[in-house]
1. For the chain, what does the accessible surface come to per residue with a 1.4 Å probe? Please give it in Å².
2. What does the charge dipole of the chain about its Cα centre add up to, to the nearest 20 debye, if the Cβ of each Lys and Arg holds +1 and the Cβ of each Asp and Glu holds -1?
3. Of Lys16/Lys80; Lys3/Lys78; Lys76/Lys127; Lys80/Lys126; Lys16/Lys102; Lys16/Lys145, which sit over 23 Å apart, Cα to Cα?
4. List every residue whose amide H lies under 5 Å from the amide H of Gly118, counting only residues 5 or more places away in sequence or on a different chain, with H placed 1.01 Å from N in the peptide plane.
5. On the protein heavy atoms, probe 1.4 angstrom, tell me the percent of accessible surface of segment 26-151 carried by carbon and sulfur.
6. Counting only C-alpha contacts under 8 Å and six or more residues apart, can you give the relative contact order of the chain as a whole percent?
7. Okay, helix-only estimate at 222 nm for the chain: each DSSP H run of n ≥ 4 adds -39500 (n - 2.57), divide by all residues, round to 500 deg cm²/dmol; what do you get?
8. Whole-Hz ³J(HN,Hα) for each residue in segment 138-151, computed from phi via Karplus 6.51 cos²θ - 1.76 cosθ + 1.60 with θ = phi - 60°, x for glycine and proline: what do you get?
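The values are calculated or read from the model by the stated rules, or taken from the named source; none is laboratory data. The shown structure was predicted, so the numbers you read here are calculated from the model rather than taken from an experiment. Cβ placement follows ideal geometry from the backbone for every residue including glycine, while neighbour counts extend to all protein chains displayed. Side chains are part of the model used for accessible areas, which takes the heavy atoms of the whole protein and leaves out ligands, DNA and RNA. Shrake-Rupley method; radii C 1.70, N 1.55, O 1.52, S 1.80 Å.
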Amino acid sequence: MRKDYLVIIDETDELKNAIYFAAIRSVANNANLIMLYVVRPAVNAEWASVGNLIEQEETSEGKKISRLWSAVVEEKFKIKPQIIIKMGDKVDEIIKFLKEDKSIRFLILASSIDSDPGPIIKSLSKKMNDLPVPLVIIPGLISEKELDNLI
């Protein structure tokens, strides 16, 4: 039975809204919160060792960011998220992960605070029919209090 929530971890400002909503839904439904960070593979690296170094640095940064958000969730919501790190094209890896993990109920993203919805949402919108679960988009400017009222 699908009941877990997936949030994509990145460096965007609106991520906090996606995590907040996913965490309160996870608590309310006694579900797990899964955080996925996708590392971009090194492209056009002249030497393999340079490419490996770039990928190691990206992976290290992804782990660092994911651990920071995990600590926030643990402190505020008293749940321990599962952190997953993948390498590849972000949208392809998200879809692949969703198809493999049958426990995930919703993919939760937040829109950009600008007029542009954000790169992941734009890219995923072109592949909506490939998503095996609903995509929940949280407005980037919504407050935590407003999110609490949705639950």
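1. Accessible area per residue, the chain: 57 Å².
2. 720
3. In this structure, Lys76/Lys127; Lys80/Lys126; Lys16/Lys102 exceed 23 Å between Cα atoms.
4. Ser112
5. 51
6. With pairs under 8 Å counted, the relative contact order is 33 percent.
7. -14500 deg cm²/dmol
8. 8, x, x, 9, 6, 8, 4, 4, 5, 5, 4, 6, 7, 8
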